[in-house]
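S.K.: The structure's right below; bear with me while I get my questions together.
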């Protein structure tokens, strides 16, 4: 079982969490171009290595938080 | 007239598991007042809200369970009224069903479908948290070393009880 470090509850089982995709996406202003909106909605990084991610401890404290995960080893990077 | 509360009625018909050692017993908790608290609150009915994550506060017969930042669940006697507070205070008495899992190896029975570390060092008496049991979300509170209080949405109560019974077969429950 994979353990995910929640900043409040500590290490808990993966099935208690919801994945939120790539972290740090900034919503463009309403006046932004179609290309900017397209990039915001559909373009995601797909690195071989460290990826900053959004997680939510949905079956726990409910808190949203960010984590860095290595997509090669599937381990979290402190 | 259709059965208004099928999961509860089913639980009552099935009754408790065999309480004789070494099989952990599962019983339906008595009716109680449940209050969901949200917001930047400090007290409920004069009782200080627990600020330490994953810990419950017990005052007389009223327990206040920390569920998340600025989120608590109050378990009080059924005769208690809901007290207004400095945040969102919602009576959820009928939303959930309480189950008591009690006895030797109660934590082993729970671990059949719950991924939490229930060792006394990791989850001591007074600890509480939301977690999962099989496919159902539950709130688990350790009232004593060998007594767990499990809160589950009433629509999942039959499922959780059935899964507990099935897990108890391993301990020789009939």
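S.K.: Within 10 Å of each residue's Cβ, count the other Cβ atoms and sort B:89, B:125 from fewest upward. Working shown, then result.
M.R.: Details: B:89 17, B:125 13.
Taking fewest neighbouring Cβ atoms as first place, the list is B:125, B:89.
S.K.: Hey, another quick one. Over chain B, with a Gaussian network built from C-alpha contacts below 10 Å, which listed residue (B:121, B:144, B:80) shows the highest mean-square fluctuation?
M.R.: B:121
S.K.: Taking the convex hull of the alpha carbon atoms in region B:65-110, what volume per residue do you get, in Å³?
M.R.: Details: hull volume 5.0 nm³, N = 46.
Hull volume normalised by residue count: 109 Å³.
S.K.: Calculate the length of the line joining the C-alpha centroid of region B:128-164 to that of region B:70-107, in whole Å.
M.R.: 13
S.K.: A further question follows. What are the principal axis extents of the Cα atoms in region B:33-93, in Å, biggest first?
M.R.: 28, 21, 19
S.K.: Could you identify which residue out of A:63, A:44, A:27 has the top mean-square fluctuation in a GNM of chain A using Cα springs shorter than 10 Å?
M.R.: A:27
S.K.: Then there's this: Could you work out the mean count of beta carbons from other protein chains within 10 Å of each residue's beta carbon in A:56-64? Write out the running numbers ahead of the final one.
M.R.: Numbers: counts 0, 3, 3, 9, 10, 9, 6, 4, 0.
Average neighbour count from other chains, rounded to a whole number: 5.
S.K.: Can you give the calculated 222 nm mean residue ellipticity of chain A, where each DSSP H run of n ≥ 4 adds -39,500 (n - 2.57) and the sum is split over every residue, rounded to the nearest 500 deg cm²/dmol?
M.R.: Numbers: 1 runs with 9 residues, N = 78.
That calculation yields -3500 deg cm²/dmol at 222 nm.
S.K.: Can you compute the FRET efficiency between residue B:120 and residue A:3 using 1/(1 + (r/R0)^6), with r the Cβ-Cβ distance and R0 = 22 Å? Round to the nearest 0.05. Present the calculation step by step, with values, prior to reporting the outcome.
M.R.: Numbers: r = 20 Å, r/R0 = 0.89.
Step by step, r from the Cβ atoms, then E = 0.65.
S.K.: Right, here's the next one. Would you mind checking the tilt of helix B:154-168 against the longest principal axis of the Cα atoms of chain B, expressed as 0 to 90 degrees and rounded to 10?
M.R.: For helix B:154-168, the angle is close to 40 degrees.
S.K.: Evaluated at 25 °C with a viscosity of 0.890 mPa s, what Stokes-Einstein diffusion coefficient in µm²/s does the protein assembly as shown have when Rh comes from the Kirkwood expression over alpha-carbon pairs? Write out the running numbers ahead of the final one.
M.R.: On the way: Rh = 20.3 Å.
Taking Rh from Cα pairs, D becomes 121 µm²/s.
S.K.: Hey, another quick one. Assuming R0 = 41 Å, can you tell me the calculated FRET efficiency for the pair residue B:42 and residue B:169, based on Cβ-Cβ distance, to the nearest 0.05?
M.R.: Numbers: r = 46 Å, r/R0 = 1.13.
Here the calculated transfer efficiency is 0.35.
S.K.: Further question: Would you order B:32, A:1, B:41 from fewest to most other beta-carbon atoms within 10 Å of each residue's own beta-carbon? Let's see the in-between values first.
M.R.: Values: B:32 20, A:1 7, B:41 16.
Fewest to most other Cβ atoms nearby, the residues stand as A:1, B:41, B:32.
S.K.: 222 nm [θ] for chain B, helices only, -39500 (n - 2.57) per DSSP H run of 4+, per residue, to 500? Present the calculation step by step, with values, prior to reporting the outcome.
M.R.: On the way: 3 runs with 29 residues, N = 174.
About -5000 deg cm²/dmol.
S.K.: Something else now. With the contact rule set at Cα under 8 Å and sequence spacing of 6 or more, what percent relative contact order holds for region A:3-77?
M.R.: Details: 108 pairs, mean separation 23.0, N = 75.
Value for region A:3-77: 31 percent.
S.K.: Something else about it: What are the semi-axes of the equivalent ellipsoid for chain A, taken as the square roots of 5 times the Cα gyration tensor eigenvalues, largest first, in whole Å?
M.R.: Values: eigenvalues 149, 49, 16 Å².
Rounded to whole Å, the semi-axes are 27, 16, 9.
S.K.: Here's a follow-up. How many nm is it between the label spots at residue B:135 and residue A:26, if each spot is 7 Å from the Cα in line with the beta carbon?
M.R.: In this crude label model, residue B:135 to residue A:26 measures out at 4.3 nm.
S.K.: For region B:57-121, what is the relative contact order in percent, using Cα pairs closer than 8 Å and at least 6 residues apart in sequence? Please report the intermediate quantities before stating the final value.
M.R.: Numbers: 29 pairs, mean separation 9.8, N = 65.
So the answer I get is 15 percent.
S.K.: Could I get the Rg over Rh figure for chain B? Both from C-alpha atoms, Rh via Kirkwood, rounded to two places.
M.R.: Looking at chain B, the ratio lands at 0.97.
S.K.: Pairs of Cα atoms under 8 Å, at least six residues apart: use those to get the relative contact order of chain B, whole percent.
M.R.: Details: 346 pairs, mean separation 43.6, N = 174.
The normalised contact order for chain B reaches 25 percent.
S.K.: Nearest 0.05, what FRET efficiency do residue B:88 and residue B:51 give at R0 = 22 Å with Cβ-Cβ as r?
M.R.: Values: r = 18 Å, r/R0 = 0.81.
Given R0 = 22 Å and the Cβ-Cβ separation, E is 0.80.
Laboratory data are not the source of any read-out in this text; all were calculated from the coordinates shown. Worth saying up front: this structure is predicted, and the values here are computed from it rather than measured. Using ideal geometry, Cβ is built from the backbone for each residue, glycine included, and neighbour counts are taken over all protein chains shown.
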